[in-house]
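The values are calculated or read from the model by the stated rules, or taken from the named source; none is laboratory data. What you see is a predicted model, and the numbers here were worked out from it, not measured in a lab. Neighbour counts are summed over all protein chains in view; Cβ atoms, including those assigned to glycine, are modelled from backbone coordinates with ideal geometry.
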């Protein structure tokens with residue numbers, strides 16, 4: 001199999017929906033088997049950003065909010081979005097400050113990923129932030145947030161127990177745990 005060859009052929013396409021955050025494009029295609037078909041792609045106008053803030057006592061901070069698309073409350077690491085042309089680190093610093101009021105002196109990117117590459121092109125950058133200082137949070141008007149400081153191992157257990165199900169948070173916590181265990185993440 002040639003990993004560089006795209007087996008999909010686009011016959012035509014049109015934008016079915018567009019707003020400030022996403023564009024939904026409808027495609028008429030020839031699929032890899034040679035049959036006619038359709039495909040829909042959600043194009044995100046931002047890069048998803050996630051931050052695992054860790055203090056020197058190995059505590060982290062979770063953000064709780066009601067998530068409209070899933071119609072339920074969710075505990076997550078601080079996360080948000082940054083314009084595609086913005087340095088993801090700058091977006092991460094802004095999101096951490098907005099949501100928690102935290103600033104960090106040290107940053108390490110731990111993960112780049114796609115969040116749902118079967119239907120979306122949304123990319124995500126995840127960072128660990130250390131050497132934290134507390135300031136005033138400035139959440140966006142659409143955000144009604146609760147913040148809690150939690151020992152990292154307790155958050156890891158929440159992921160293991162399925163109490164945290166947000167994809168960015170799950171990936172970030174698991175990757176951070178691996179890095180702490182193998183010694184590649186120093187506080």
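So here's what we get for this one:
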| read-out | value |
| --- | --- |
| Filter result (without any contact (Cβ under 8 Å) to a residue 60 or more places away in the chain and closer than 24 Å to residue 167 by Cβ) within the stretch 122-139 | 137, 139 |
| Test for residue 70: is it free of Cβ contacts under 8 Å to residues at least 60 places away in the same chain and out of contact with any helix residue (DSSP H, G or I) (no Cβ under 8 Å at 6 or more places or on another chain) | yes |
| Qualifying positions in the stretch 118-138 - surrounded by 16 or more Cβ atoms within 10 Å (Cβ to Cβ), touching a helix residue (DSSP H, G or I) at 6+ places or on another chain (Cβ under 8 Å) and farther than 21 Å from residue 174 by Cα | 137 |
| Flag if residue 166 is under 17 Å from the mean Cα position of the chain (by Cα) and closer than 17 Å to residue 79 by Cβ | yes |
| Residues of the stretch 10-39 satisfying the condition of being in a strand (DSSP E or B) and surrounded by 13 or more Cβ atoms within 10 Å (Cβ to Cβ) | 13, 22, 23, 24, 25, 26, 27, 28, 29, 30, 37, 39 |
| Residues that are surrounded by fewer than 18 Cβ atoms within 10 Å (Cβ to Cβ) and either out of contact with any helix residue (DSSP H, G or I) (no Cβ under 6 Å at 6 or more places or on another chain) or outside the structural domain of residue 91 (by TED's automatic domain parsing) (or both), drawn from the stretch 159-174 | 160, 161, 162, 163, 165, 167, 174 |
| Counted residues, the stretch 64-88 - those being outside any loop (DSSP other than H, G, I, E, B) and surrounded by fewer than 15 Cβ atoms within 10 Å (Cβ to Cβ) | 6 |
| Number of the condition not met by residue 66 [criteria: (1) more than 17 Å from the chain's Cα centre (by Cα); (2) modelled with pLDDT under 95; (3) under 28 Å from residue 143 (Cα atoms)] | (1) |
